[in-house]
1. Criterion first (at pLDDT below 90, surrounded by 14 or more Cβ atoms within 10 Å (Cβ to Cβ), touching a Gly at 6+ places or on another chain (Cβ under 6 Å) and of a type outside the set (Ser, Thr, Tyr)) does residue 243 satisfy it?
2. Tell me whether region 63-70 contains one or more residues that are at pLDDT below 95 and either touching an Asp or Glu at 6+ places or on another chain (Cβ under 9 Å) or surrounded by fewer than 23 Cβ atoms within 10 Å (Cβ to Cβ) (or both).
3. List pairs: first residue in region 69-85 and on the phi < 0 side of the Ramachandran plot, second residue among the small types (Gly, Ala, Ser) and in a strand (DSSP E or B) anywhere in the structure, Cβ distance under 9 angstrom, at least six positions apart or on different chains.
4. Restricting attention to region 225-238, report how many residues are outside any helix (DSSP H, G or I), under 17 Å from residue 93 (Cα atoms) and modelled with pLDDT of 70 or more.
5. Here are the criteria: (1) in a helix (DSSP H, G or I); (2) more than 26 Å from residue 240 (Cα to Cα). Tell me which single one residue 66 does not satisfy.
6. For residues in region 75-92 being out of contact with any helix residue (DSSP H, G or I) (no Cβ under 8 Å at 6 or more places or on another chain) and part of a loop (DSSP other than H, G, I, E, B), which is nearest to residue 108 (Cα to Cα)?
7. For residue 167, work out the one condition from (1) of a type outside the set (Asp, Glu); (2) out of contact with any Lys or Arg (no Cβ under 8 Å at 6 or more places or on another chain); (3) part of a helix (DSSP H, G or I) it doesn't fulfil.
8. I'd like to verify a number: residues in region 247-273 that are modelled with pLDDT of 65 or more and either under 30 Å from residue 123 (Cβ atoms) or exposed (fewer than 14 other Cβ atoms within 10 Å of the Cβ) (or both), how many?
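The values are calculated or read from the model by the stated rules, or taken from the named source; none is laboratory data. Note that the structure is predicted; figures quoted are calculated from it, not measured. Cβ placement follows ideal geometry from the backbone for every residue including glycine, while neighbour counts extend to all protein chains displayed.
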Amino acid sequence: MACEICDGTGWKPFDENGIRRVVRCDCWREQLGATVLASSRIPPLYKRCDLENFRDYNDTLVRAVSAARSFSDRFPVVERGLLFIGKPGLGKTHLAVATLKRVIQKTNARGLFYTTPELLALIRSTFNDATKSAEADVIRPVMEAQLLVLDDLGAERPTDWVEETLNLIVNTRYNYRRTTIFTSNYPLELPPGLPFDGKDWSRFELKERVGFRLFSRLQEMCDFFTLDGVDYRELGPDSTAEALVSLMKKGSQAHGEQTQPRKGKPMAKARIKGGSLDLGWSGGKAGSHG
């Protein structure tokens, strides 16, 4: 059905000092926003995530929601991105997606969502044995997006190739002042005296997973928010804030689980070569991560 105001033309007429003029109709802006949002790669699971339905049942979550709302209200006039840190099931991805959606809906900015393992697997999948490189066009949209969400930072097994590829993407975005939102399960610092057994994921610091060079860049690029709470998945998707508070008092069983990092050989470093991304990599399984 055609818009009653512009009759489907996308231009809304108005009079200014007796002169007939036109401006873009609201329906055109809404359609553009819907198109940009559809191309943002937000997974179907998170389509309904917004800041209004996020359950902020403790102070750390309240602060994170407030920061996300302030960020999206000010975008694109922002100097720093956001980094949400915390154990699984606290809603970090929900917050990141909700912020991305809000920015797109308010500004029609070109935004993209990727998990770190998914993005690296995509880059690996374009590897060409003949040229020993991957097409730069694959990562160009990631580098040039006005707002990028890079979810689950540190999930990929840390190798030279992973570190150099992420540094290439993040440094490019930093140099061109393009804002990025990150999430990670890995803490900034471990409690003093905590024994390290090489098994529990929570006993690795973020800087150890991403490398000290990338971590230093993150400190320049983002405001950090460490979230606390319980794994909402223990109670199901429709759990209330009251139920989560009650679980928080008892303790989350999921947060006591341990995982064994996978072992593997380090890969070669990545670099730009001509019109492609030279990975110096001869193959292997894409998307392996711990």
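1. No; evaluated as a whole, the condition is false for this residue.
2. No: region 63-70 contains no residue that is at pLDDT below 95 and either touching an Asp or Glu at 6+ places or on another chain (Cβ under 9 Å) or surrounded by fewer than 23 Cβ atoms within 10 Å (Cβ to Cβ) (or both).
3. Filtered contacts from region 69-85: 71/81; 83/184; 84/184; 85/184.
4. Of the residues in that region, 9 qualify.
5. Result: residue 66 passes all but (2).
6. Among residues in region 75-92 that are out of contact with any helix residue (DSSP H, G or I) (no Cβ under 8 Å at 6 or more places or on another chain) and part of a loop (DSSP other than H, G, I, E, B), the one nearest to residue 108 (Cα to Cα) is 77.
7. Every condition holds for residue 167 apart from (2).
8. Result for region 247-273: 4.
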